[in-house]
Amino acid sequence: MTYREAQKEHHLRQLAHLFEGDPGGGKFKGKAYPFVLQAPEKNLLAPIRDEVLLYCSGHLPGAVGTVCFWNSGGEKVVAGHACSLPTGHLLSSQVACLNHLFPLCRDGKAATLLLQGLRPDMEEALPVDIHARGMFVEFEVTGGGSYLNEEQRGRSLARGANATSVDAVMKGRDVRGDIRLFLIEWKYTESYPSTSKKNPGSRMDERLWRYRSFFTRDGSPFTFCNSEVDATFFKELLTEPYYQLMRQTLLGWRMTQDPSRNGQATAFTHVMVIPRGNTALRSGCAGMAGRRGDLAGTWNALVREPALFLAPEELLHPLRALPGHARLLEYLCRRYWQDGRP
């Protein structure tokens, strides 16, 4: 049984306990499935539900712009506003990220503890102040400008669709007074088999045109440059999961080159959250640049500052010191922090 199949079974066993009586059988891409909720909003933790819907629909005070839900499940009126709904699919990584991190948006103490767990030199978490004001976590962040040649016919970048974005971003000040962004990408049951390397040539050419020029610029975040690698290297770099890692690394680097529009940050840390049980993603990816091994080791050989690869419970472990977060951690443990095996 794959990790994805095991998680489906795990969630089906939890339907009666975690989703307010929703029986499942909702529609996903026009077809009914037992692991899709009929009321998609119940995919979100109840205490954060309305605020998430307002935030993603652009109606939360202090937040600018909208966030595209992956396979949106329709609309609902919240506080007099028509709000898009998330997918009812129980294995959505976007929903998982929101359930884990949105409860920290207004909690500076919890946000500080989380960042100190990532880097002990962090003194305090700060509001991100890129797409919103006063929030210690922002979601589907594209940055304060257009940095990666991704504009389409003059239209502004869409957060969460057709442009490089990061699932969640946090910000903190270290003991030296420097400000750092934390770019958090959230994975759940995703995997990328080696057959995904069979990309059409025209698509590969477009990707090369868009991103390759960044690899030789002064201060590039990568350990390689164009003159040292061949076409096979770029074919591997421009396919998943390395393609997304590369784009987010470039985005973080470019954002910190433009601090006035990105919360005054001058450095960033890339964090990849992957459940322990998802060994297909952690250890089963195709080789890269002649290297074979786990995803973390393969990727970190290519970047100047290593990315952090953590399980969700590792990321949120510091919150165990806060009694007020006990119910949140209990919910996350029951829903997500299991391998799904009987």
Checklist outcome for this item: On the formula 1/(1 + (r/R0)^6), with r taken between the Cβ atoms of GLN257 and LEU322 and R0 of 22 Å, the FRET efficiency rounded to 0.05 is 0.05
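Please figure out what share of the DSSP beta bridges in the chain is antiparallel and state it in percent, rounded to the nearest 5.
70 percent
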Item to check | With all protein chains modelled, accessible area of ASP107 [1.4 Å, Å²] | outcome: 40 Å²
Checklist entry - Taking Cα centroids, how far is the range 83-111 from the range 260-312 in Å? => result 21 Å
Checklist entry - Hey, got the dipole for the chain? About the Cα centre, +1 on K and R Cβ, -1 on D and E Cβ, debye to the nearest 20? => result 600 debye
Checklist entry - Taking a quarter of the surface of the Cα convex hull of the range 1-76, what do you get in nm²? => result 6.0 nm²
Checklist entry - Can you list the HN-Hα couplings for the range 50-66, worked out from phi with the Karplus curve (6.51, -1.76, 1.60; θ = phi - 60°), rounded to whole Hz and with x for Gly and Pro? => result 5, 5, 4, 5, 5, 4, 5, 9, x, 10, 8, x, x, 9, 10, x, 10
Checklist entry - Farthest toward the dipole's positive end in the chain, which of HIS10, GLY177, ALA96, given Cβ charges of +1 (Lys, Arg) and -1 (Asp, Glu) about the Cα centre? => result HIS10
Checklist entry - From the backbone phi of the range 273-285, what are the Karplus-calculated ³J(HN,Hα) couplings (6.51 cos²θ - 1.76 cosθ + 1.60, θ = phi - 60°) in whole Hz, Gly and Pro given as x? => result 9, 9, x, 4, x, 7, 6, 4, 8, 5, 10, x, 6
Checklist outcome for this item: Listed by chain and number, the residues whose amide H is under 5 Å from that of GLU75, excluding neighbours fewer than 5 places away on the same chain and using placed H, are LEU85
Checklist entry - Taking a ≥ b ≥ c as the square roots of the eigenvalues of the Cα gyration tensor of the range 1-155, is the shape rounded (a/c under 1.5), prolate (a/b larger than b/c) or oblate? => result prolate
Checklist entry - What nm value, rounded to one decimal, do you get for the distance between ASP121 and VAL64 when each label is placed 7 Å out toward the C-beta? => result 3.1 nm
Checklist entry - Amide H to amide H, which residues 5 or more places from PHE28 or on other chains are under 5 Å from it, using H placed in the peptide plane? => result TYR33
Checklist outcome for this item: Expressed in nanometres to one decimal, the distance between label points 7 Å along Cα→Cβ at SER220 and MET1 is 4.6 nm
Checklist entry - So how many Å³ per residue does the convex hull of the Cα atoms of the chain work out to? => result 147 Å³
Checklist outcome for this item: Over the Cα atoms of the range 203-342 the radius of gyration and the largest Cα-Cα distance (Dmax), both in Å, equal 17.9, 54
Checklist entry - Which loop-located trypsin sites (Lys or Arg not before Pro) does the range 1-67 contain, where loop means any DSSP state but H, G, I, E or B and the Cβ has at most 16 other Cβ atoms within 10 Å? => result LYS29
Item to check | Cross-link reach list, aspartates and glutamates versus LYS76, counting only Cα pairs under 20 Å and skipping chain neighbours closer than eight places | outcome: GLU20, ASP22, GLU41, ASP50, GLU51
Item to check | Mean separation of Cα contacts under 8 Å, 6 or more apart, over the residue count of the chain: relative contact order % | outcome: 16 percent
Next on the checklist: Quick one: 3J(HN,Hα) in Hz for the range 22-35, Karplus 6.51/-1.76/1.60 with θ = phi - 60°, rounded, Gly and Pro as x.
Outcome noted: 5, x, x, x, x, 9, 10, 6, x, 10, 7, 9, x, 9
Checklist entry - Using a basic spin-label model with each label point 7 Å from the Cα along Cα→Cβ, how many nm lie between LYS31 and MET204? => result 3.1 nm
Checklist entry - Taking amide hydrogens as modeled 1.01 Å from N in the peptide plane, which residues meet the under 5 Å criterion relative to LEU308, leaving out close sequence neighbours? => result HIS270, VAL271, MET272
Checklist outcome for this item: Expressed as a whole-number percentage, the relative contact order of the range 56-191 with C-alpha contacts under 8 angstrom and at least six residues apart is 22 percent
Next on the checklist: Quick check: with the 1.4 Å probe, what order do HIS100, HIS17, HIS81 take by accessible area, largest first?
Outcome noted: HIS17, HIS81, HIS100
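The values are calculated or read from the model by the stated rules, or taken from the named source; none is laboratory data. None of these values were measured; they are calculated from a predicted model. Counting neighbours? That spans all protein chains shown, and the Cβs are built from the backbone with ideal geometry, glycine included. Surface areas here come from the heavy atoms of the whole protein model, side chains and all, with no ligands, DNA or RNA. Shrake-Rupley method; radii C 1.70, N 1.55, O 1.52, S 1.80 Å.
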